[in-house]
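J.: Pasting in a structure now, in structure tokens, and then I'll have a few things to ask.
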Amino acid sequence: MRVAMDVSPLVQTRAGTARYLESLMRELRARDDVTLTTRAFGRSDRASTLARDAVWYPFLLGREESADVLHCPTYRGPTRSRVPLVVTVHDLAIFRHPEAFNRWTRAYSPRVVPRVLAAAQRVIAVSEFTRQELIELLRVPDEKIRVVPNAVSDEFTNVGEAAEGEAAGRQGPQGGEGPGGRQAQEAAQPIKLCTTTKWAISCPHVQPSTPPLSCASTAPLS
């Protein structure tokens, strides 16, 4: 399957959406049955943001024809699409608390987001709460929504490699009392969480007919 992924959020943030997107792409690229290509527009400056939201997303991205699926990892996306469109919704805070957002986002979201979700063949909600918000606030049909919780990335397990900038907090003098030392290691009795990364993030494109592909012991939540 050929998947075209909107990666424009990577130039706008390094926060949770970027982590979600990077993990999603990494796992899709590891699959033999998926060919992943990326689509993006502009930089992080204000002019690019306005052009991307006002022109590229609603009128240009939807002209994609070389893929079997177009996936937008946020609710910014085309209002029409020539190929099946999948949209991930992380939250609907803009509709609950518009006062917390800038003027452009307050003006843009109520006018465009409902049209993007109407154009989507599948809407992914990252939680049951978000699914309920989609139904209550935007009247998205329940049958169109799939709840796919975010999985635990390897950086957050006691065996995975630390992400950039996290190494200092995970290492310490052997047997010491600092971060990563013996005291921390003794306290870090792992709890078992089902790590559904490969299954969860790919099921928008592949029918989830198989169980999660892996389980891992994760570090404690402290």
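J.: For the range 70-102, how many residues meet the condition of being under 18 Å from residue 131 (Cα atoms) and among the basic types (Lys, Arg)?
T.: Number of matching residues: 2.
J.: Does residue 107 satisfy the condition of being hydrophobic (A, V, I, L, M, F, W, C), surrounded by 14 or more Cβ atoms within 10 Å (Cβ to Cβ) and without any contact (Cβ under 8 Å) to a residue 40 or more places away in the chain?
T.: no
J.: Sticking with this one: Checking the conditions here, which among 87, 116 is in contact with a helix residue (DSSP H, G or I) (Cβ under 7 Å, 6 or more places away or on another chain) and either among the β-branched types (Val, Ile, Thr) or assigned to a strand (DSSP E or B) (or both)?
T.: On the way: 116 fails: in contact with a helix residue (DSSP H, G or I) (Cβ under 7 Å, 6 or more places away or on another chain).
Matching residue, one of 87, 116: 87.
One line per residue, one yes/no per condition, for (1) of a type in the set (D, E, K, R); (2) at positive phi:
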position: 5; (1), (2): no, no
position: 11; (1), (2): no, no
position: 29; (1), (2): yes, no
position: 42; (1), (2): no, yes
position: 46; (1), (2): yes, no
position: 56; (1), (2): no, no
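J.: Among (1) touching a Lys or Arg at 6+ places or on another chain (Cβ under 9 Å); (2) in contact (Cβ under 8 Å) with a residue 60 or more places away in the chain, there is one condition residue 33 misses while meeting the rest; what is its number?
T.: The one condition residue 33 does not meet is (1).
J.: Here's another thing I want to ask about it. Which residues, counting only those in the range 110-138, are without any contact (Cβ under 8 Å) to a residue 40 or more places away in the chain and acidic (Asp, Glu)?
T.: The answer is 128, 136.
Every number in this text was worked out from the coordinates using simple rules, so none of it is lab data. Because the structure is a prediction, the values reported are computed rather than measured. Every residue, glycine among them, receives a Cβ derived from its backbone with ideal geometry; neighbour counts consider all protein chains shown.
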